[in-house]
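The values are calculated or read from the model by the stated rules, or taken from the named source; none is laboratory data. Remember, predicted model here, so these are calculated numbers, not experimental data. Neighbour counts run over all protein chains shown; Cβ positions are idealised from the backbone, glycine included. Calculation scope for accessible area: heavy atoms of the full protein, side chains included, ligands and nucleic acids excluded. Shrake-Rupley method; radii C 1.70, N 1.55, O 1.52, S 1.80 Å.
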Amino acid sequence: MWRAAILLLLAALPARADTVYVLNSGDASISVVDVATLTETRRIPLLREAHHMVISPDGQNLVIGDSGANELIFLDPRTGEIRRRERISNPYHLEFSPDGRFLVVASLRRDQIDIYDATSLALIQRFRQRDKPSHVAFSPDSRWVYVTMQGTGQVAAVDLQAKAVAWLQDVGPEPAGIIWNRGKLLIGLMGRQDFITLDPGTREVRPVFQVGRGAHTAFPAPDGRTLYATSRVDSRIAEVDAETYEVRRVFDIAGGPDCLAFDADGRIFATLRWTGRILSLDPRSGESAQVRVGRSPHGLFVMPQREGVNADFAYAAPGAVSGSRPMAQPVVGGGATVRVAVAPTPVAPAAADLAVRVNAGTPASYPSRASLR
């Protein structure tokens, strides 16, 4: 009898809530946020100034770059335990190649692009650059890595087979975020309102849509059909068709939205750089909430804590063919068991010729901070 009662009690317990890890660049810490209650449960101290993080190819470690402290932190994404620290030069933005062989680091402060062996962290090659290597994206075949040069208005193409910078291409003022999308590179220009595409074959540069001043970067949604692009100065998130680049809706988000991540239900989580908060936004209903974290939150990662979904969710979902680590094919693993069913996205009437605008926070006017890292 008592055994049956215990089983019934366990069955009635809520599923373990997903976890959001937030890098507080201004506080040298990681906020750990419970998705179910939308509360910060604890803070993990760092040494100096962390900005970006990536999940390791095996899904076992969340790799965090503390650029100010010149170290990588390897964190267990399920428990939040720090497993080890490794000395590495100024890891600002970092990404693993789709084949898992390389870790590439853009060093914004030291003007270098570093290629590491992903397993041993041995430095394979260092490329000195003129000014502010910013963000990194790969081609799906892992042959090429592309790095924005925030200070020179260029993109560098590094041939990982030849271990050489093959070309530099002018793209516009202050290029920041860069992702691979359907055979081309999509880049946000912080010095303008534009997102542009760069064809890596022909090197043709073409403006494709605008979000607002301080255009930063774009993130592919799990449905594979939608991108969400941020404007840090005009403080917006735009929902964009991944094929046509049509701007479907614009969410006005006070606080300077920067990096985004998604949970397995399709909700968006975004860091708000200027207000020390993160946003939870359901793009289907428009419902939103905010959680106070540390100062100047930048990178964030949603760790699924539910049955059948692993840390590789972001690379197993249908949208895995886009992004900074695009996969030639979606990975096979825990995340591959999940396919998010997303309701049809409402589109503004053609006659209006305008995107639908949704307020998800009090619109605010912020000083121009586009050049802030």
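Just the accessible area per residue of the range 156-234, please: how many Å² with a 1.4 Å probe?
I get 32 Å² per residue for this part.
Hey, with R₀ at 22 Å, roughly what FRET efficiency would ARG295 and ILE44 work out to, going by the Cβ-Cβ distance, to 0.05?
0.90
Report the FRET efficiency, 1/(1 + (r/R0)^6), for ALA36 and GLU81, where r is their Cβ-Cβ distance and R0 is 30 Å, rounded to 0.05.
0.90
At 1.4 Å probe size, with every protein chain present, just tell me what the per residue accessible area of the range 256-314 comes to in Å².
On a per-residue basis, the range 256-314 sits at 31 Å².
For the range 236-298, rounded, prolate or oblate, judged on the Cα gyration tensor with a ≥ b ≥ c (square roots of eigenvalues), a/c < 1.5 rounded, else prolate if a/b > b/c?
Verdict is prolate for the range 236-298.
Determine the shape class of the range 72-116: with a ≥ b ≥ c the square roots of the Cα gyration tensor eigenvalues, call it rounded for a/c under 1.5, and otherwise prolate if a/b is greater than b/c, oblate otherwise.
The shape class here is oblate.
Out of residues 5 or more away from SER29 or on other chains, whose amide H comes under 5 Å of its own, with H placed 1.01 Å from N in the peptide plane?
Amide H neighbours of SER29: ASN24, LEU46, ALA50.
Is the shape of the range 80-153 best called rounded, prolate or oblate, per the rule: a/c under 1.5 gives rounded, else a/b larger than b/c gives prolate, else oblate, with a ≥ b ≥ c the square roots of the Cα gyration tensor eigenvalues?
Because a/c hits 1.5 or more and a/b fails to exceed b/c, the range 80-153 counts as oblate.
Determine the share of the range 120-236's accessible area contributed by carbon and sulfur atoms, expressed in whole percent, with a 1.4 angstrom probe.
43
Each residue of the range 169-185 in order: what ³J(HN,Hα) in whole Hz does its phi give by Karplus 6.51 cos²θ - 1.76 cosθ + 1.60, θ = phi - 60°, with x for Gly and Pro?
Per residue, the Karplus-derived 3J(HN,Hα) values read 10, 5, 10, x, x, 6, x, 10, x, 9, 9, 8, 8, 6, x, 10, 9 Hz.
Mind listing the phi-derived Karplus ³J(HN,Hα) values for the range 206-219, rounded to whole Hz, using 6.51, -1.76 and 1.60 with θ = phi - 60°, and x for any glycine or proline?
Per residue, the Karplus-derived 3J(HN,Hα) values read 9, x, 10, 6, 10, 10, x, 4, x, 4, 10, 7, 10, 10 Hz.
Under a Cβ-Cβ cut-off of 13 Å, what is the net charge of the residues other than LEU38 that fall near it, where Lys and Arg count +1 and Asp and Glu count -1?
Residues close to LEU38 contribute a combined charge of -3.
May I ask you to derive the FRET efficiency for ASP159 and ASP99 from their Cβ-Cβ distance with R0 = 22 Å, giving the value to the nearest 0.05?
The calculated FRET efficiency here is 0.90.
Taking the highest mean first, how do the peptides 33-41, 84-92, 271-279, 180-188 order by number of other beta carbon atoms within 10 angstrom per residue?
271-279, 180-188, 84-92, 33-41
How large is the Kirkwood hydrodynamic radius of the range 182-225, counting all unique pairs of alpha carbons, in Å?
Result for the range 182-225, one decimal place: 11.1 Å.
What net charge do the residues around ASN24 carry, taking every other residue with its C-beta under 10 Å from that of ASN24, with Lys and Arg at +1 and Asp and Glu at -1?
Overall, the nearby charge balance is 0.
Starting from one equal scatterer on each C-alpha and no solvent at all, send me the Debye-based log10 I(q)/I(0) for the range 129-241 at q = 0.19, 0.23 Å⁻¹, two decimals.
Values, matching the q order: -0.92, -1.29.
Give me the number: length gained by fully extending GLN125 to GLN305, i.e. 0.36 nm times residue separation minus the C-alpha to C-alpha distance, one decimal in nm.
This chain segment gains 61.1 nm when fully extended.
Let me check I've understood the local charge: for GLN60, count other residues with C-beta under 13 angstrom from its C-beta, Lys and Arg +1, Asp and Glu -1. What total comes out?
Around GLN60, the surrounding residues sum to -1.
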